[in-house]
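All remarks here apply to the structure that follows.
The values are calculated or read from the model by the stated rules, or taken from the named source; none is laboratory data. What you are looking at is a predicted structure, and each value in this text was computed from that prediction instead of being measured. Please note: Cβ atoms are built from the backbone with ideal geometry, for glycine as well, and neighbour counts cover all protein chains shown. For the accessible areas, the whole protein counts, side chains as well, though only heavy atoms, and no ligand, DNA or RNA atoms are used. Shrake-Rupley method; radii C 1.70, N 1.55, O 1.52, S 1.80 Å.
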Amino acid sequence: MPKLTIDGIAVEVPPNTTILQAAESVGVEIPRFCYHDRLSIAGNCRMCLVDVEKSPKPVASCAMPVGEGMVVHTKSDRANKARGGVMEFLLINHPLDCPICDQGGECDLQDQAMAYGFDRGRFHENKRAVKDKYMGPVVETVMTRCIHCTRCVRFATEVAGVPQLGATGRGEDMEITTYLEGALSSELSGNVVDLCPVGALTSKPYAFNARPWELRKTESVDVMDAVGTNVRLDARGRVVLRVLPRVNEDVNEEWMADKSRHAVDGLRYQRLDQPYVRKNGKLQPASWDEAFGAIVTKIKGLPGSKIAALAGDTVDAESMMVLKDLLTALGSGNLDCRQDGAALDPSVRASYIFNSTIAGIEQADAILIVGSNPRKEAPVLNARIRKRYLRGGVAIATVGDAIDLTYKYEHLGADAGLLSRIADGSHPFAATLKSAKKPMIIVGMAALTRADGAAVLAAAKSVADNCGLVKDGWNGFNVLHTAASRVGGLDLGFVPGAGGKDTRGILAGASGGEIEAVYLLGADEINTAKLGKAFVIYQGHHGDRGAHRADVVLPGAAYTEKDGTYVNTEGRVQRGLRAVFPPGDAREDWTIIRALSEKLGKTLPYDSIGQVRARMYYVNPLFSGVDKAQAADWKPFGAAGAVAATGFDYPVKNYYMTDPISRASRTMAQCTEEFVLAGSKQMTGTHG
């Protein structure tokens, strides 16, 4: 390995390491604009110039591989003078509008101008001006500020997989733009704002709302999908103004999906901030005592077999634990966390988690996607598949609809029966899986929510067993969830008890009069018409579908307003922290259920979230392993049966509106108008 000296520090690094990377490995910081360690090297900003002995001119450290015996100076007069010259050139045409720029206070150009800029300019000609571009509802452009680092172009092409951004023109006429001057149609487009080192690309929904030093920052996790993206909630007063990604190499690297980032404004609209009780057919505002009184009047004395509960897709594990204990105390086994009726086996953890882990995708050399559209269901995870695809040496195939993914794949067909042929080896792709060192299958909710979902799950397991997907040190059987709360609910056993009914059974029982009381804990993705004449208690944070049908509404807290535990699709236990308090009389969800248990005469034995978590650890010790994806034992699961030769009904019809928060978001409504409705009009020829 080459040995070199950087600022007097001897360092040994692998071959092909650049000078900039070598410097970072010993804690020497070199300024840069175009270089980003997750993107290809462009070498076009020249801010990273360093002084290399025996070199006739300063060297761009981001693009120069190290050499044996190199002696590098990053802080010499020559290097500093070169960077000062680069900075002067960059500021020649920059508008210097920091007071009105949203990047102000967290701008790389500001920081480096302070370090390397001159105290006056020597350029007295007119500054170059560039027309602003339209990039969609979430990205604001002020292209006169652009310094042509091309980070956004490289991200769109390499990570997002939508090569719609590029540079047109040359020299003074060069501009960064979408080629067709339209919106950037990617579910990851908001990341270009994080990447932009100046104020050329900023967040359109956040524009002119706040300065970074005004914001209170809280680390949390995202609940808009099941990836468990690590996020930072930035709040001022009682309002969360923006959500940014945090770096977690095992989960989301440093990327974030647009819905997770921009649906945050939905937290301000259509909120439930006080209890309601239905009187004379209409929901009327009520006190907590009145709401609890109405529930006690209906439920007290009701046999457990006539009571049921359903948990929604964004519910924290603590709330599900407390509700499960309450239902058990009432003698009911009718509970389920699978609103969509997915045929998952709660008794075998390996049957319902992403066993390979999200980071493990990078090791796979054959991937079979069944009944899933990762681009819509988990954009950040889809970016990881694209990352693996770009490296080469991986075969990707799908069973289901021919969908628009960001990488090339072989479409095997829409017939779910293909799984049986792959399992018995009669399909050509079986040989691909068998010959792979680390093959994987990704089973989506569209495959498991069918009427024969249990048989599809069993067929997927047969593929895993017969094609060598599970071997020493590798488990290639993966389930891709769409709900943030699903794995946590299954881990806690929020599923039917002995003789209990699942989601389909509960809805059928409510329609037929067997179930007389249904507790909806943030459950909005069900057909509420099937609840019949049942007494419905809805606990949640938005006036969505469940609240419209409810007889009693209990206002809960959104994920930004409570401490909560969530388990992502790979089974990684993560903690979210409260950034702001709930509005009005709304309360944290577990506290509401605990208070109700007292009114019902079934007082639950905990008074703090610590005690609730101790109860969770007792039920499933895995909950004590925070931030760890723990491997599950491979055991028999699934109910073998005939798989119908039909296609799949994909759960995400509109990526931008999948839950109460995103449905209340104005930004998501604009995205729906731009990307979903406009696209469907063009497809049907009704645009104009």
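If you filter the range 145-177 down to residues that are of a type in the set (A, V, I, L, M) and outside any loop (DSSP other than H, G, I, E, B), you find that the one that is surrounded by the fewest Cβ atoms within 10 Å (Cβ to Cβ) is 167.
Confirm whether residue 451 is open to solvent by 40 Å² or more (accessible area, probe 1.4 Å) and under 29 Å from the mean Cα position of the chain (by Cα). Answer is yes for this residue. Filtered by the rule that a residue be open to solvent by less than 10 Å² (accessible area, probe 1.4 Å) and under 25 Å from residue 358 (Cα atoms), the range 234-254 gives 243, 251, 252. Set side by side, the residues 81, 57, 133, 75 differ, and just one is buried (at least 20 other Cβ atoms within 10 Å of the Cβ) and either charged (D, E, K, R) or out of contact with any strand residue (DSSP E or B) (no Cβ under 8 Å at 6 or more places or on another chain) (or both), which is 133.
Residue-by-condition table, conditions (1) modelled with pLDDT under 90; (2) open to solvent by less than 50 Å² (accessible area, probe 1.4 Å); (3) aliphatic (A, V, I, L, M):
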| position | (1), (2), (3) |
| --- | --- |
| 615 | no, no, no |
| 618 | no, no, no |
| 627 | no, no, no |
| 637 | yes, yes, no |
| 645 | yes, no, yes |
| 662 | no, yes, no |
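Taking the listed residues 42, 79, 10, the one that is closer than 24 Å to residue 117 by Cβ and out of contact with any Ser or Thr (no Cβ under 6 Å at 6 or more places or on another chain) is 79, with no other qualifying. Annotation: of all residues in the range 24-50 being out of contact with any helix residue (DSSP H, G or I) (no Cβ under 9 Å at 6 or more places or on another chain), touching a residue at least 12 places away in the same chain (Cβ under 8 Å) and of a type outside the set (Val, Ile, Thr), the one that is least open to solvent (accessible area, probe 1.4 Å) is 43. Residues that are hydrophobic (A, V, I, L, M, F, W, C), over 30 Å from residue 161 (Cα atoms) and without any contact (Cβ under 8 Å) to a residue 40 or more places away in the chain within the range 407-457 are absent altogether. Somewhere in the range 2-19, is a residue among the hydrophobic types (A, V, I, L, M, F, W, C), within 30 Å of residue 122 (Cβ to Cβ) and free of Cβ contacts under 8 Å to residues at least 40 places away in the same chain? Within the range 2-19, none of the residues are among the hydrophobic types (A, V, I, L, M, F, W, C), within 30 Å of residue 122 (Cβ to Cβ) and free of Cβ contacts under 8 Å to residues at least 40 places away in the same chain. Just one of (1) open to solvent by 10 Å² or more (accessible area, probe 1.4 Å); (2) closer than 30 Å to residue 327 by Cβ fails for residue 266. It is (1).
Of the residues examined, residue 293 is not one that is assigned to a loop (DSSP other than H, G, I, E, B) and either surrounded by fewer than 24 Cβ atoms within 10 Å (Cβ to Cβ) or on the phi > 0 side of the Ramachandran plot (or both). Residue 142 meets all of the listed conditions (1) open to solvent by 50 Å² or more (accessible area, probe 1.4 Å); (2) touching a residue at least 40 places away in the same chain (Cβ under 8 Å); (3) among the β-branched types (Val, Ile, Thr) but one, namely (1). Filtering the range 502-514 for residues that are in contact (Cβ under 8 Å) with a residue 40 or more places away in the chain, touching a Gly at 6+ places or on another chain (Cβ under 6 Å), among the β-branched types (Val, Ile, Thr) and not in a helix (DSSP H, G or I) leaves an empty set. The number of residues in the range 614-648 being over 30 Å from residue 400 (Cα atoms), assigned to a loop (DSSP other than H, G, I, E, B) and touching an Asp or Glu at 6+ places or on another chain (Cβ under 9 Å) comes to 2.
Scanning the range 1-23 for residues that are open to solvent by less than 50 Å² (accessible area, probe 1.4 Å), farther than 24 Å from residue 155 by Cβ and of a type in the set (Gly, Ala, Ser) turns up just one, 22.
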